[in-house]
Structure formats: C-alpha cells, structure tokens
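The values are calculated or read from the model by the stated rules, or taken from the named source; none is laboratory data. Treat the numbers as computed from the prediction; the structure is a model and nothing was measured. So basically every Cβ, Gly included, is an ideal-geometry build from the backbone, and we count neighbours across all protein chains shown.
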Amino acid sequence: MKYKYILFDLDGTLTDSKEGITKSVQYALKKFGIEIKNLDTLEKFVGPPLKDSFIEFYNFNDDKVAEAVKYYRDYFKDTGIFENKVYDGIDDFLKKLKKLGFKLILATSKPQVFAERILKHFDLMKYFYDFAGSNLDGTRGKKSEVIRYALDKHGIKSEDAVMVGDRRYDIIGARENNIYSIGVTYGYGSVEELENEKPDCIVDSVEKLFKKITDK
C-alpha cells in the first residue's frame, strides 16, 4: 500500500475493552434505576460515541445524557479503564509497522486523556506518532471530527492516510474525510455492519491486516 499514515481506532481494534466499558455503562444505568445483569447486552456501547449510545439505546435527553456520562466516568476513570486487554499480536504488529517507517496515529472517539492512559498502561504509546481523541466536554466526539483533526494537525493529505477500525463509525468517518478504510471483524462490529458501509477492505485477523497494509 502507498499509505504513509495509518490511523487506528482503539476499542475493538487494538484492545478488547468490553469488560471495562460495559461495567461502566452498567454502573451509570444503575444510577437511573436501570438494572442490567447481562453485560453482553451492553456490548453495543463498545465503539460509538458514548453520548450517542445513551440517546440511541435508552432515549436519554440531554440532561440525562450529561448525568449518565458523568456516572460512567466515575467508574471508568480509575477502574473500568484498566478492565481491558491488548489483542493478541497487536504489540508485535505495531512494532513492525513502525520499523517499516509507517507513522501510526490513534484516532478514537474515546476522550483523548483516557486513550493516552490506556496506551501508557499497556506500553503501546512508544509506537505512535500522535494521538487524537474526543474532548472531555463532548466536543470532537464524532469519528469524522477526530480523523479531520488528526489530518489537519499534521497537514496529511487524504491520499496518504488509511483508517483501521471495527465499527461502522470508523468507515463512515474515513469516507467523510476521503481516506481509504479497512474494517476489522475480530472486534465488535459484525461483518454485516461493516459491509453495509462499504469499506475499501475487510480483514478478519491482525495477520491479514499487516499483510494488507504492507503488501507482504
């Protein structure tokens, strides 16, 4: 591939963050009298902007969303953030890409301060050229905005970048910024979800992702 900059989603692409995210959502919902026993039913919260998910799945209004996000972060900031693990093969994958000269940029809808803590915790930060995420005040929350911020910050041309992610939001964000997109199916987006957004490519493993990026 001709691309110099590889933008990566975090949750469901580099790390398996289901436990921490779903427990944080469970904690927040309980504050509103909503008891969720099966965390699998909250898997849909992995990936999309948090505010959008509370609105879409629980019909929260703006005031309730603000409260829900606060409660979520109360649990997530010290506990849920580390109920997380790096997918097998990701460390070596990132190491090889950096050695080959690719510039890796994190592009996540998660607040940037949390994303950087996660990368530091798992010793992945050393592989990244830069990091882009949302702001704690809710601005720059959509994936398209995060991608645009990363591209503009470094003057990156759309033809020089590719976005890698596991959810439709990653593919939509890439398309809205006119960059190549790769959907990965080992995360939390289904093949159907990804195919509906027509990414440029879909792969089902870290190994195949490496081959696609490097043409090896």
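Observations on the model:
- Scope the range 175-216; condition in a strand (DSSP E or B) and more than 17 Å from the chain's Cα centre (by Cα); matching residues: Cys201
- So Ala150, is it of a type in the set (A, V, I, L, M, F, W, C) and part of a helix (DSSP H, G or I): yes
- Only one of Ala132, Ala150 that is among the small types (Gly, Ala, Ser) and under 18 Å from Leu94 (Cα atoms): Ala132
- Verdict on Phe114 being under 23 Å from Arg167 (Cβ atoms), in the same structural domain as Leu136 (by TED's automatic domain parsing) and either basic (Lys, Arg) or without any contact (Cβ under 8 Å) to a residue 40 or more places away in the chain (or both): yes
- The condition of being without any contact (Cβ under 8 Å) to a residue 40 or more places away in the chain and outside any helix (DSSP H, G or I) holds for Arg140.
- When each of Asn196, Asn177 is tested for being polar (S, T, N, Q) and surrounded by fewer than 16 Cβ atoms within 10 Å (Cβ to Cβ), the lone residue that passes is Asn196.
- So Lys64, is it loosely packed, with under 14 Cβ neighbours inside 10 Å, modelled with pLDDT of 95 or more and assigned to a helix (DSSP H, G or I): no
- A single entry from Phe131, Phe76, Phe57 fulfils the requirement of being in contact (Cβ under 8 Å) with a residue 24 or more places away in the chain and over 18 Å from Asp170 (Cβ atoms): Phe76.
- Note on the range 159-174: residues that are surrounded by fewer than 22 Cβ atoms within 10 Å (Cβ to Cβ) and in a strand (DSSP E or B) amount to 0.
- Looking only at residues of the range 17-33 that are of a type outside the set (Ser, Thr, Tyr) and surrounded by fewer than 20 Cβ atoms within 10 Å (Cβ to Cβ), we find that the one that is nearest to Val203 (Cα to Cα) is Glu19.
- Criterion (among the aromatic types (Phe, Trp, Tyr) and over 21 Å from Lys18 (Cα atoms)) met by exactly one of Tyr180, Tyr186, Tyr169: Tyr180
- Residue in the range 36-53 that is part of a loop (DSSP other than H, G, I, E, B), among the aliphatic types (A, V, I, L, M) and in the same structural domain as Lys142 (by TED's automatic domain parsing) present: no
- The sole residue among Ile90, Ile156 that is more than 16 Å from the chain's Cα centre (by Cα) and crowded, with 18+ Cβ neighbours inside 10 Å is Ile156.
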